[in-house]
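The structure appears right after this line, and notes come after that.
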Amino acid sequence: MQPSLESIEDELKSVYDKAVGRVIATEKNPNTAQSFSFWTNLDSPVGIGTIVKVVADRQVFDKKGNKVDRVVYGIVTEGISYTDLAAPIHDFISSEGNPQYSHSAQTERPEIRYYTASTLKMIPEEPIQPVSIGSIYLADDDDIKESLRMDSYAHKTGIPVGLYTNGDNYSPVYLDSRFLLGPEAAHLNVTGVSGLATKTSIVQFLLTSIFQHHKDDKDDEGVAAVLFNVKGPDLLFLDQPAVELSDEELEMYRKLKLKPEPFENVEYYAPYKADKINLNTLRTNEEISHNVKPLSWNLTDIFDYVNVLMNKDDVDAKADGFLQFMKEKIINQDKLDSHYLLHKKIQNFNDLNEWFQRVLNDTEEGEGKSSWRGHAIPTIRKVHNRLTNITYRCEGLVGNDSDSSDLPWGEFKDRTIYVIDVAGVSPLGQDLVFTRAVEKLRELLEKKALGVKKVVVFVDELNKYASNDGGNSYLKQTLLEISERGRYLGLVLFSAQQFKSQVNKRIVGNCGTSVYGRMDMDELSTQGYSVMPSSIKAELTTLEKGKLLIRHPHFNQYIFVKFPRPPIMTSQDGIDKFPAVPERSFEDAMVYNLRRLDKNIKANDVKEAIYDVDQDAVRKALCKTELNSKNWGKQGAFGYFKSKLTQKAPRSSFEESYSPSPKRTTIDDLLYDDDDD
């Protein structure tokens, strides 16, 4: 049985009272206010990333004139080891050219460990002076809080991010929520190689910390998260517990004062497939279908974002002008206007296509017409072609009719995660989902009408959506807007990518907190990492899973931390336990969709209810049922669904269809004689 962290800490208490080294300074290598050097013996637990405490030999006067110890905290950034050997040839001669003789030497050469540390904090902080000669001690829990300036916020706004480890000692490290979630600073960026950097894991762990430790202000309405799942089943099992956490991981959770539990409130949204009945997601197992909902938009939902779906060459000044005209005079117009051929309100793509046909017919009636209501006819045709094929390019996400299923805008709940699964959606559809969802969040947060005060938005694969290649996409502008102004609104961006150097500099530059997992040397050799010590870079190339390097506004140096595995089922374990169901037939898909709403609904009842009913009518009834759950009443989901079904007209017999009219016509007289009366 492994000893607990508490017993280890008790054994280490005496260690912290003992000096493990001495500060030294020479004419060639003097100490400064920013860095200092010290030596330790060979069995010292000091290494790269270790936080040490310097107690100067001489006391100093504080502002009140009292003598106090001068204390300096530093973190080791470089280390070397050497002996009294003047040249390599001397060791060769002393061993007579045989390595075996080196072990039998009568005198063991003295060896020294020589370290360079960067200053974290000085006490007193003024005047700023070079580090004095003194003794080196290992930093304990209180020293860690003091050196990283966590003592001023850990108990109020601290968010656990992991544990600083030094041998067997574990010290909690906290981020300041005011600098992570705003308003002082905000946003988090994670970078590292795929598979080994645990980018998704640290985001999941941080959300667990935020939901459990974030303390609301009196006027705070809470915090929620919107996560975009872009890779397979990555984020599809957030509400399922981890298969097994080790004793060490459970001890780490205890030390961080976190409950190792999955997220309690998670809602999943996914578009339909092309058949408009099967959801385009891997979370299709009926055991976990209760919180999966469709994401389906109509014309009015997406018209403000059509620029996302059009090529840059398409949206010239003329096309943009016509789109603005349509938005003002056609789409958002309740009043009918014959001047603009607006004979009925435009509510869906079918209505829009009919309107375009009227406009194009009107342009063809007059010979020599080159424009219609001030807009060039070629421009109108181009916009018509681009708009009317959106439903084909975003099939399953954007529909022709007026039906719509969306996130609960205005009704977001505290400590709830909303996962939008776009892993199976086309890149064009992904851009539309990202842009519209983020813009809606920004719009409602500005109006303070979202339901919560802060929202964390997680976007993975930032290299793809916000690269620094010079392109200026609609989505990149949206992400840039969040990074620069989101903290004032409560809109916080958590992002991740493999190559930080290839992401828009303004986006990553506005992230208050940066996290680094295992990285490639090629990436570390780029200019953006030039200020990082070489020893830190070397450590990053071999970093183990669960260990990360963190930079936070309160930390003036890079800090290594270790965090436990998130208390959430991994994607692989989730797929093994809840395998995705292959595409269902229309009837089986309807059974699945209704049982998502109520597991007590019987399959035979559903199949009987939809028998001989037009499939589009069934889809409409399902959409109305999902949107109006508050109106189900005593009849429940299935009763409400049946009440919204539009039955097909019953098939008539030949005699019923062609029976004579009550009053015979001349033709009747020819076909029927008087004896038939």
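The values are calculated or read from the model by the stated rules, or taken from the named source; none is laboratory data. Only a predicted model underlies this, so the values are computations on that prediction, with no experimental measurement involved. FYI the Cβ positions are ideal-geometry reconstructions off the backbone, even for glycines, and counts take in every protein chain you see. The area values use the complete protein model at the heavy-atom level, side chains included, leaving out ligands, DNA and RNA. Shrake-Rupley method; radii C 1.70, N 1.55, O 1.52, S 1.80 Å.
Taking R0 as 41 Å, what FRET efficiency do you get between Asp588 and Lys329 from their Cβ-Cβ distance, rounded to the nearest 0.05?
0.35
Per 0.36 nm of contour for each residue apart, how much would the distance between Lys464 and Asp151 grow if the chain were fully extended, relative to their Cα-Cα spacing?
Using 0.36 nm per residue and subtracting the Cα-Cα distance, I get 108.8 nm.
Could you order peptides 317-326, 206-215, 332-341, 488-497 by the average number of other Cβ atoms within 10 Å of their residues, highest first?
In decreasing order of mean packing, 317-326, 206-215, 332-341, 488-497 become 488-497, 206-215, 317-326, 332-341.
How would you order 376-389, 23-36, 266-279 from highest to lowest mean count of nearby Cβ atoms within 10 Å?
266-279, 376-389, 23-36
Only bridges with both residues in the chain count here: give the DSSP antiparallel percent, nearest 5.
In the chain, DSSP labels about 65 percent of beta bridges as antiparallel.
Take the Cα gyration tensor of region 567-637, multiply each eigenvalue by 5, square-root it, and list the three semi-axes largest first, rounded to whole angstrom.
After diagonalising the Cα gyration tensor, the semi-axes are 27, 17, 11 Å.
If you wrap a convex hull around the Cα atoms of region 354-468, how much volume per residue is inside, in Å³?
Hull volume over Cα atoms, normalised by residue count, gives 173 Å³.
If you average over every viewing direction, what projected area does the convex hull of the Cα atoms of region 301-342 give, in nm²?
So the mean shadow area of the Cα hull is 3.3 nm².
Which whole-number percent is the relative contact order of region 460-500 (Cα, under 8 Å, 6+ apart)?
RCO, region 460-500: 57 percent.
Between Asn604 and Arg22, 0.36 nm times their residue separation minus their Cα-Cα distance comes to what?
Additional length available on full extension: 201.4 nm.
For the chain, what % of the accessible area comes from carbon and sulfur atoms, probe 1.4 Å?
Its accessible area is 47 percent carbon and sulfur atoms.
With each label point set 7 Å from Cα along the Cα-Cβ vector, what nm distance links Asp614 and Lys630?
The modelled label-to-label distance comes out at 3.0 nm.
To the nearest 10 degrees, how steeply does helix 615-627 sit against the main Cα axis of the chain, on a 0 to 90 scale?
With rounding to tens, the tilt is 50 degrees.
I need the Kirkwood Rh of the chain: take the reciprocal of the average 1/r across all distinct C-alpha pairs and report it in angstrom.
Over the chain, the inverse of the mean reciprocal pair distance is 30.1 Å.
Accessible area per residue, 1.4 Å probe, Å², for the chain: what's the number?
Each residue of the chain exposes 50 Å² on average to a 1.4 Å probe.
Top to bottom by accessible area (1.4 Å), largest first, where do His554, His155 land?
Ranked from most to least accessible, the order is His155, His554.
Of the cross-linked pairs Lys276/Lys476; Lys145/Lys257; Lys215/Lys454; Lys413/Lys644; Lys500/Lys562; Lys602/Lys642, which ones have a Cα-Cα span greater than 18 Å in the structure shown?
Those over the limit are Lys276/Lys476; Lys413/Lys644; Lys500/Lys562.
Tilt of helix 474-489 relative to the longest C-alpha principal axis of the chain, in degrees (0 to 90, nearest 10)?
It is inclined by approximately 60 degrees.
Under 15 Å from a point placed 7 Å out from the Cα of Glu354 along the Cα-to-Cβ direction: which residues of region 384-408 have their backbone N that close?
So the set is 400-403.
Run the 1.4 Å probe and let me know the accessible area of Trp632, rounded to the nearest 10 Å².
Surface accessible to solvent at Trp632 totals approximately 50 Å².
Where the centroid of each part is defined by its Cα atoms, how far is region 592-633 from region 425-483 in Å?
If we compute the Cα centre of each part, the gap is 33 Å.
How high is the FRET efficiency from Ala87 to Thr542, r the C-beta distance, R0 35 Å, rounded to 0.05?
My answer for the efficiency is 0.65.
Measure nothing but the geometry: give the 0 to 90° angle between the long axis through the Cα atoms of 5-16 and the longest principal axis through the Cα atoms of the chain, rounded to 10°.
Around 40 degrees separate the two axes.
Over the chain, what is the relative contact order in whole percent, taking alpha-carbon pairs under 8 Å and six or more residues apart?
So the answer I get is 18 percent.
Could you tell me the calculated FRET efficiency between Leu196 and Leu42, based on Cβ-Cβ distance and R0 = 35 angstrom, to the nearest 0.05?
0.65
Whose amide H sits under 5 Å from the amide H of Trp372, counting only residues 5 or more places off or on another chain, with H placed in the peptide plane?
Ile377
Testing the spin-label approximation: label points 7 Å from Cα along Cα→Cβ at Lys318 and Thr526. State their distance in nm.
Distance between label points: 4.0 nm.
Determine how large the accessible area of His90 is when every protein chain is in place; take a 1.4 Å probe and give Å² rounded to the nearest 10.
So the heavy atoms of His90 present about 90 Å² to solvent.
Please compute the Kirkwood hydrodynamic radius of region 15-139 from all pairs of different C-alpha atoms, in Å with one decimal.
About 16.3 Å for region 15-139.
What value, in deg cm²/dmol to 500, does the helix sum -39500 (n - 2.57) over DSSP H runs of n ≥ 4 give at 222 nm once divided by the residues of the chain?
Result for the chain: -9000 deg cm²/dmol, rounded to the nearest 500.
P(r) tail for region 511-626, what percent of Cα pairs lie past 16 Å?
When every Cα pair of region 511-626 is considered, 74 percent fall beyond 16 Å.
For region 102-155, build the charge dipole from Cβ charges (+1 Lys, Arg; -1 Asp, Glu) around the Cα centre, then report which of Pro130, His155, Ile144 sits farthest towards its positive end.
Sorting the options by dipole projection puts first Pro130.
Considering every pair of different Cα atoms, what Kirkwood radius, in Å, is found for region 167-310?
Value: 18.6 Å, from the Cα pair sum.
Where the Cα atoms of region 300-393 are projected onto their three principal axes, how long is each span, largest first, in whole Å?
34, 29, 22
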